[in-house]
Each structure stands twice: as structure tokens, then as C-alpha cells.
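Derivation of every value follows stated rules applied to the coordinates shown; laboratory data play no part. Note that the structure is predicted; figures quoted are calculated from it, not measured. In this analysis, Cβ positions are derived from the backbone assuming ideal geometry, glycine residues included, and neighbour counts consider all displayed protein chains.
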Amino acid sequence: MKKASVCAALLAAVMAAFASLPAAWGYFTTYTQVRGGLPIYLGHETEIHEEVSDMTKHLTIENQEDSSVVFVRARGFSDSAHPLTYTCEVEGDWKEGDDGFWYYQKPLAPGETTSTLHVKIDLPAGEPEEGDNFNVVVVYESTLALYDAQGNPYADWSMILDTYEEGA
Amino acid sequence: MNKRKRAALPVGTLLLFIAAIALLLTSTIGSAQAALTYFSEVYTTKVDLYNIGVTLMENGQTVAFRDYGNEADGNWEEQGTVLLANMLKEGERLQLGRAYPEVLAVKNSGSIDEFVRVNIRKYWVTVKDGVEQKNLDLSPELIKLELDNEDKWVEDPAAATTERMVLYYTEALPVGEVTVPFSKTLTIDGQVAKYVTKTTVKENGKTITRTTFDYNGVEFRLDVEANAVQTHNAEDAIISAWGRQVDVDKNDQRLGLR
């Protein structure tokens with residue numbers, strides 16, 4: 001048999017052998033996949049309610065129904081001749097901070113309202129006279145409730161949403 | 001003048017070529033012929049089938065699996081549900097910073113031992129009219145999956161990005177066994193509340209500045225894909241299937257990333 005014939009025969013044999021190999025080269029593999037997720041709600045809206053009687057402002061703050069859980073704080077500003085005195089409707093609900101703000105101690109769930117903080121305007125000696133003019137402004141703020149790993153809520157007062165207006 | 005004469009093809013060579021072509025053609029139908037001869041009312045035969053399968057477990061419950069069918073007919077038995085479906089109670093909202101239990105593990109639901117790995121992806125999406133759009137401006141790092149048993153689940157640093165991590169289980173997983181968990185908890189970092197955008201508009205002669213949360217209303221996503229491959233010829237199988245070079249100890253079958 002000539003050399004060319006031998007080569008052709010060998011080539012044919014190798015091709016025939018390799019034709020069945022791809023199946024043997026496959027490996028057992030599999031996979032499975034799953035996913036999930038949840039929405040994040042950060043928006044919150046609160047409203048302050050003020051009533052005045054006997055030279056005292058009675059403050060409550062309401063968290064709106066569709067809001068997130070928040071913490072709130074409030075304080076009053078007045079001139080030096082009319083200092084303010086704070087008392088709580090429910091002992092311990094409000095506590096004074098080092099910055100002059102009074103902090104509501106409990107997180108405020110959607111739809112909840114704080115107990116009342118009374119802000120009494122102290123007058124100089126004697127009854128106010130006609131023409132006496134003074135101004136007391138109450139400022140309040142809210143911040144989104146954050147949680148520790150165990151789910152205990154706390155406030156981070158470095159995160160406050162601002163909405164303010166300028167102009168006429 | 002020389003006349004060149006072309007040599008005639010020898011008969012032997014021609015016969016060999018015909019034989020080669022016949023061999024090639026019949027090599028692909030040999031198994032089909034064999035199958036036909038198996039069927040007999042007289043004789044029975046027993047064939048052991050080697051099926052691979054993998055199941056993903058969340059907090060002890062099966063959430064997805066894909067097993068090669070017992071009929072060995074090329075069909076797969078598979079099912080997938082949703083991750084985090086029981087993370088919150090009805091009507092409850094996600095609490096930022098809270099560590100929710102998210103214990104994830106892999107089970108060998110096939111009939112051969114296997115090596116497994118998991119691909120984990122975390123990202124944010126904006127959903128509008130039911131259509132999800134990936135939000136690349138928000139940080140996947142604020143979606144924190146706390147890993148567990150990091151001595152047995154090794155992260156591939158070459159595959160790691162802020163969005164993706166790939167963990168390799170360093171032991172062969174026997175049939176029916178469950179790995180130790182690769183995660184403990186899932187937390188959405190409270191830092192998401194620090195990302196805000198201020199917008200200023202003029203309305204009725206007033207300049208109004210509003211600050212809004214960048215992450216308000218977006219949704220986070222956690223994708224987990226479990227991969228399994230045979231332990232036989234594992235190094236070759238893994239480079240072929242997963243494209244990753246590994247070393248597998250021949251004695252204790254421990255897997256290490258190369």
C-alpha cells in the first residue's frame with residue numbers, strides 16, 4: 001500500500017474517533033437563579049398645631065398618614081424681656097436638649113400626634129399694658145427615623161429636609 | 001518531448017476513502033441503533049442515571065431549584081420564586097439600618113456530588129408603569145448583605161465589583177447536603193437618607209427651595225444565582241463551565257482559587 005493510502009486511512013480513523021468525542025467532553029452543570037427587592041419610602045410630612053390661651057402656646061405635631069416614621073423637635077424664640085417656660089402634658093414625653101430644642105422622645109408613626117408641649121410666655125413684672133408688643137415664634141423640625149441592627153429607632157438630626165421660601 | 005502522465009488513483013486508496021466516509025456517517029447513528037436494540041419484551045436492563053441538581057435556600061426554605069429530570073430525557077425540573085418575600089409583614093415598611101435575617105445556603109438536589117458557587121448582584125431600580133429601569137446613579141454599596149462562614153465560602157476578588165460578588169464553596173457538596181450559609185442579614189444602610197437634591201423654583205414672586213431624598217421611591221434588588229458542576233475532573237469542568245481556574249486537592253477535594 002502506498003504512503004498516501006496509509007495517511008488517508010489514518011486520517012479517516014482519527015476523524016471517525018473524534019466525531020464521537022464532543023459528547024464526552026461535556027460536563028454536568030446546572031444553575032438556578034432568584035431575585036427580590038423592596039421599595040424605599042423616605043418621604044415624610046408633619047404639621048404643627050398651635051393653640052394659645054393664658055399667655056401659653058399649646059403645641060402638638062402631627063405626622064401625616066402616608067408619611068414615614070419620624071422624630072420631631074420644637075423650640076420657641078422670643079425677646080429677652082419675655083422668656084419662655086416649657087412644660088409637658090405627659091411627663092417625660094418631651095425633653096430639653098443642649099441646643100434649646102425640646103425633643104419628643106418617641107418615634108412618631110404615620111397618623112400619630114405628639115402629646116402637648118406647653119410654651120408659657122413669661123411677662124415682665126405686672127400685667128401687660130395696652131400697646132405692649134412682643135412676638136413669639138415656634139420652630140419645629142422632623143427627621144426620618146433610623147434603626148440600629150436590632151430594629152431600635154433613633155434620630156440623626158444632621159439629616160433634616162429643608163423647604164424654605166424667600167421673597168415677598 | 002516529455003509527456004507528463006498523471007498517475008491513476010489506486011483502487012486500494014479509493015476503497016479506503018469510501019470506508020472512512022462510511023465510518024464517519026455511521027459513528028453518529030451508532031447510539032440510536034443501540035437504543036433500538038435495548039427494547040425487548042424478554043430482556044430488561046438497569047441503567048444508573050447521574051443527574052445534577054442545585055437548590056437555593058433562604059431562611060431554611062427552598063426558593064429556587066433546577067434539577068436534571070429523572071427520566072433523563074433532556075428535560076429539567078425547575079422552579080423559582082422570589083427572594084425577600086417574607087422580609088416584611090403585611091403593610092410594614094422597610095426600616096433603614098435594621099438587619100433583617102437573610103440566611104442563604106445551597107443544597108445539592110441532584111444525584112451526584114458537586115462543587116457550587118453563588119453569584120450575588122445588588123442594585124437599584126426605578127419602577128415606572130410596571131417597567132423596571134436600572135438606576136446606575138445610586139450606590140449598590142448601601143445594600144449590605146452580611147456574609148457568613150467566610151472560611152468555607154471564598155470570595156473571588158477578580159470577579160468583585162460594587163454590584164457583584166462571586167463566592168466559591170471550598171468543599172465538595174455531597175448528594176442531599178446543604179452548605180453552611182453564606183449570608184446572615186440584609187440591611188439597607190441609613191446613609192441613603194443623606195443623599196438629597198435641592199431644587200429651587202420661582203412661584204408667585206417667591207423663590208422656593210425644596211430638598212428631596214434621592215432614594216425615595218426607588219427599589220433595591222438582590223439577585224442570587226447558584227451554580228453547580230460535577231466533582232469528577234473538577235478542575236477541567238470548572239474552567240470549562242465557569243471560566244475560573246481552581247485547584248482541587250485530590251485527597252480531601254478542597255477547592256481553592258488559583
Completion exercise
Any residue on another chain or 5+ positions along whose placed amide H is under 5 Å from the amide H of B:Ile112 is listed here as B:Asn51, B:Gly53
Handout entry: Per-residue mean of C-beta atoms belonging to partner chains within 10 Å, peptide A:66-73
Key = 1
Handout entry: Two-decimal log10 I(q)/I(0) for the protein assembly as shown, as the Debye equation yields it once each C-alpha is a single scatterer, q = 0.07 Å⁻¹
Key = -0.60
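Rank the residues A:Trp102, A:Trp94, A:Trp157 as a footprinting-exposure proxy: fewest other Cβ atoms within 10 Å of their Cβ go first.
Values: A:Trp102 21, A:Trp94 24, A:Trp157 13.
With the sparsest Cβ surroundings first, the list reads A:Trp157, A:Trp102, A:Trp94.
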Exercise for the section: For the pairs A:Lys57/B:Lys194; B:Lys128/B:Lys184; B:Lys152/B:Lys250; B:Lys152/B:Lys184, note any where the Cα-Cα span goes beyond 22 Å. Expected result: A:Lys57/B:Lys194; B:Lys128/B:Lys184
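What does the convex hull of the alpha-carbon atoms of chain B project to on average, in nm²? All intermediate terms of the calculation are to be shown ahead of the outcome.
On the way: hull surface 131.5 nm².
Seen from a random direction, the Cα hull of chain B projects 32.9 nm² on average.
Count neighbours as other Cβ atoms within 10 Å of each site's Cβ, and list the GluC sites (Glu not before Pro) in the stretch B:109-183 that are DSSP loop with at most 10 such neighbours. Each step should come with its number before you reach the end.
Details: sites: B:Glu114, B:Glu132, B:Glu141, B:Glu146, B:Glu150, B:Glu155, B:Glu163, B:Glu171, B:Glu177; in loops: B:Glu150, B:Glu163, B:Glu171, B:Glu177.
Passing both the DSSP loop test and the Cβ count: B:Glu150.
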Handout entry: Ranking of A:Cys7, A:Cys88 by count of other Cβ atoms within 10 Å, fewest first
Key = A:Cys7, A:Cys88
Fill in the blank from the handout: Residues meeting the amide H criterion for A:Asp156 (H placed from the backbone, H to H distance under 5 Å, 5 or more places apart or on another chain) are A:Leu146
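Based only on other Cβ atoms within 10 Å, what is the fewest-to-most ordering of B:Arg117, A:Arg35, B:Arg254? Can you show the working numbers first?
Values: B:Arg117 25, A:Arg35 16, B:Arg254 12.
Final ranking by Cβ density, sparse to dense: B:Arg254, A:Arg35, B:Arg117.
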